[in-house]
Amino acid sequence: MKKLVAILLAVAMVACLFVGCSGTNTTTTTAAPADTTAAPADTTAAPEETTEAAPAVDTSAWHVAMITDYGDITDESFNQTTYEAGKAWCESMGVDFTYYKPTDDSTEARVASIDQAVADGYNVLLMPGFAFAGAIVETAETYPDVYYIALDVGEYDLQDAAGTVDDWSYVYPANVFSAVYQEELAGYMAGYAAVKLGYTELGFLGGMAVPAVVRYGYGFVQGADAAAAETGTTVNMKYVYGNQFFGDADITAYMDTWYAAGTQCVFACGGGIYTSAAEAAAKVEGAKVIGVDVDQAPIIDAYGEGMTVTSAMKGLGATVNTLLEELIVNDNWAEYSGKVTTLGLVSADDPTLNYVQLPLESTQWGDGFTQDDYVALVGQMYDGTITVSNDTESEPAVTAITVDYQGNIK
């Protein structure tokens, strides 16, 4: 835990996550920062021996509630991952835990769920996804004694909800912490892996062109370009946004044209938009999909066995575990109070410890890209040998691939 805190403190010193934004009480990064490779000298030291057992932590005052964004806890994505991690941690510590599902997809409904949770006595709220920005802005100051742990609610989301995008003047309440992620690194890993595994006709299908999705996409472009340069392979990529976070008949038809024209693998990135890519891929023998945020192999492969190449993942469960332990066990909220902190790589040797990663079990490893190759890639990203831009305003410069940017489907 000390190591993680050290990493988070290091991350807190870097520049703002979104290009052109500012704020004295927030933390962000630009790429895998060089200083993340260093840790305080005492982080590997064993704790001092003691002849007395450590006193048990009194958890009776803590009550944790997870609130879904607009889906359910069985969505095999943000909601389910957050719910399962929160429930498991609380059960292991004897902490009261429940969840609330808003009546619809609106800030008003999410605010109502927060109000109900607080009225019911819950004083720690887990909130997965950018959709909570408005509800946080509306309620956090109303409930200063309730701790808000938000996942993937970025600075832009909060400033936009507060109506302060022009001057970034909204100050995050002390009871709020949000973890965001270096999506560009996970996207890079996925693009690099796809080309190394032999896919030369690629596609990127984004949801809405919000910063997180753009970082995934531009990271994907950079990773594919790097792998193509190394292998001397000719790679073509189509790139489009669906302009929504769910699939439908129009987007599926668009994907149909891609796969029919020879696209082999599409990185479907943004909420439920993967359904359109998977439905289209299922019609073409050998067509593949790359998942996002969590290991999406179980749901994508339901459309066709072995359809998922890999998934560009965020460490949501690890974040929940860390923050609950820091707050409830270590009484260390001061390190997180009023911050939006970017999480990325914390280990060069064990990719499973990182907050952005590929799934070891479901990635379709091959001779071109093995698990050992993946570990080596992560090591180079961690130590700064490989850097990945998180610029969301300019298309990445490429030298070895051709990218056809097609704008928005809708």
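General observations
Yes or no, residue by residue, for (1) assigned to a helix (DSSP H, G or I); (2) surrounded by 23 or more Cβ atoms within 10 Å (Cβ to Cβ); (3) on the phi < 0 side of the Ramachandran plot; (4) out of contact with any His (no Cβ under 6 Å at 6 or more places or on another chain):
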site: A312; (1), (2), (3), (4): no, yes, yes, yes
site: A318; (1), (2), (3), (4): yes, no, yes, yes
site: E325; (1), (2), (3), (4): yes, no, yes, yes
site: Q364; (1), (2), (3), (4): no, no, yes, yes
site: D372; (1), (2), (3), (4): yes, no, yes, yes
site: G379; (1), (2), (3), (4): yes, no, yes, yes
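- Counting only helices (runs of 4 or more DSSP H) that sit completely within region 121-231, those holding 1 or more residues that are under 30 Å from L377 (Cβ atoms) correspond to 155-162, 183-196, 211-231.
- Looking across region 157-176, the residues that are buried (at least 23 other Cβ atoms within 10 Å of the Cβ) and either over 23 Å from the mean Cα position of the chain (by Cα) or within 29 Å of T387 (Cα to Cα) (or both) come down to D157, L158, Q159.
- Criterion violated by S169 - all others in (1) in contact (Cβ under 8 Å) with a residue 60 or more places away in the chain; (2) in contact with a helix residue (DSSP H, G or I) (Cβ under 9 Å, 6 or more places away or on another chain) satisfied: (1)
- Residues satisfying the stated conditions in region 394-410, i.e. at pLDDT 95 or above and either under 21 Å from the mean Cα position of the chain (by Cα) or in a loop (DSSP other than H, G, I, E, B) (or both): S394, E395, P396, A397, V398, T399, A400, I409
- Some residue of region 327-350 being under 30 Å from E285 (Cβ atoms), open to solvent by 40 Å² or more (accessible area, probe 1.4 Å) and of a type in the set (D, E): no
- Total residues in region 265-274 satisfying the condition of being open to solvent by 10 Å² or more (accessible area, probe 1.4 Å) and of a type in the set (F, W, Y): the figure is 1.
- Residue ID - most open to solvent (accessible area, probe 1.4 Å), chosen from residues in region 235-264 that are touching a strand residue (DSSP E or B) at 6+ places or on another chain (Cβ under 9 Å) and free of Cβ contacts under 8 Å to residues at least 40 places away in the same chain: F246
- Residues that are touching a strand residue (DSSP E or B) at 6+ places or on another chain (Cβ under 8 Å) and either among the basic types (K, R) or open to solvent by 40 Å² or more (accessible area, probe 1.4 Å) (or both) within region 63-80 comprise just one, H63.
- Count of residues meeting criterion [within 15 Å of G191 (Cβ to Cβ), touching a helix residue (DSSP H, G or I) at 6+ places or on another chain (Cβ under 8 Å) and surrounded by fewer than 16 Cβ atoms within 10 Å (Cβ to Cβ)] in region 388-410: 2
- Per-region count, region 58-93, residues among the aliphatic types (A, V, I, L, M), within 17 Å of Y147 (Cβ to Cβ) and assigned to a helix (DSSP H, G or I): 2
- Restricting region 140-156 to residues that are open to solvent by 10 Å² or more (accessible area, probe 1.4 Å) and under 22 Å from V213 (Cβ atoms), the residue that is farthest from the chain's Cα centre (by Cα) is Y156.
Quick grid of which residues meet (1) surrounded by fewer than 20 Cβ atoms within 10 Å (Cβ to Cβ); (2) over 16 Å from Y172 (Cβ atoms):
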| residue | (1), (2) |
| --- | --- |
| G94 | yes, yes |
| E108 | yes, yes |
| G129 | no, yes |
| F132 | no, no |
| I136 | no, no |
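- Selection of region 275-297 for residues being open to solvent by 40 Å² or more (accessible area, probe 1.4 Å) and within 24 Å of M208 (Cβ to Cβ) yields E279, D295.
- Region 165-186: number of residues that are closer than 28 Å to N354 by Cβ and either of a type in the set (A, V, I, L, M, F, W, C) or out of contact with any Asp or Glu (no Cβ under 8 Å at 6 or more places or on another chain) (or both): 10
The values are calculated or read from the model by the stated rules, or taken from the named source; none is laboratory data. Source: prediction; values computed, not measured. So basically every Cβ, Gly included, is an ideal-geometry build from the backbone, and we count neighbours across all protein chains shown. To get the accessible areas, we keep the full protein, side chains included, count just its heavy atoms, and leave off ligands, DNA and RNA. Shrake-Rupley method; radii C 1.70, N 1.55, O 1.52, S 1.80 Å.
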